[in-house]
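Have a look at the structure below before the remarks.
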Amino acid sequence: MTATRRFSPLDRLLIEAQHALGTSLGQARAERANPAGGLVDPALDAADRRHAAGLMRINHTGEVCAQALYVGQAAVARDAATRSQLEHAAQEETDHLAWCADRLRELDSRPSLFNPLFYAGSYAIGLAAGLRGDGWNLGFVVETERQVEAHLDEHLGSLPAGDQRSRAILRTMKADEARHADEAQAAGARALPGPIPRLMALSSRLMKAVAYRV
């Protein structure tokens, strides 16, 4: 019989710190194949390449935030099923993170320099949501994913016409986000009070404005 290892508070702190550094500064590894796989990389002019890179940098930062949010929520989730659901969603967000990083490299660009700061803020929000209970935890998942779906739609319409590689990645991400929201809703998500979604949308606009440029 294999004994389950018990982590001390220091162990957990070090694990969380390693995850934070790996997500915000490291190189994520996807478990699924990149949806852009066999598509041709288009010849974009300088302006279109910069714009596509800016959009993909936003999406990369969004995935950093999603990782932090879900890890923070899972750390204090009370129900094992809720924790497992959050951890599974976080793994799929890791795929998104890796795909966006791949596309940024193809566009001769880089992730946002502010990713560690965005990670810390999102982790704190995840902890706060989780401490309110699993219904609130899942409610944050639903609202987060719905807002992400909306901005992915905007990006799909705004990308340069020939950039099908970026579009393939964003379409797969959008389908995953919709599924995460539906699963959280079915698991008992609570509707968030009106001011919270508005504050989340405001924070998202700030993140997008910064990440597009830096």
Residue among LEU192, LEU202, LEU206, LEU156 that alone is among the hydrophobic types (A, V, I, L, M, F, W, C) and modelled with pLDDT of 95 or more:
LEU156
Taking the conditions exactly as written (over 14 Å from GLN67 (Cβ atoms) and open to solvent by 70 Å² or more (accessible area, probe 1.4 Å)), does LEU192 satisfy them or not?
no
Residue by residue through the range 75-84, note down the ones that are touching a residue at least 24 places away in the same chain (Cβ under 8 Å), assigned to a helix (DSSP H, G or I) and open to solvent by 50 Å² or more (accessible area, probe 1.4 Å).
ALA75, ALA81
Residues to consider are GLY157, GLY72, GLY121, GLY135; find the one that is small (Gly, Ala, Ser), open to solvent by less than 10 Å² (accessible area, probe 1.4 Å) and assigned to a helix (DSSP H, G or I).
GLY72
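The values are calculated or read from the model by the stated rules, or taken from the named source; none is laboratory data. It should be emphasised that the depicted structure is a prediction, and the values quoted were computed from it without experimental measurement. All Cβ positions, even for glycine, are placed from backbone atoms using ideal geometry, and neighbour counts span all protein chains on display. Each accessible area value is taken on the protein alone, full model and side chains, heavy atoms only, with ligands, DNA and RNA left out. Shrake-Rupley method; radii C 1.70, N 1.55, O 1.52, S 1.80 Å.
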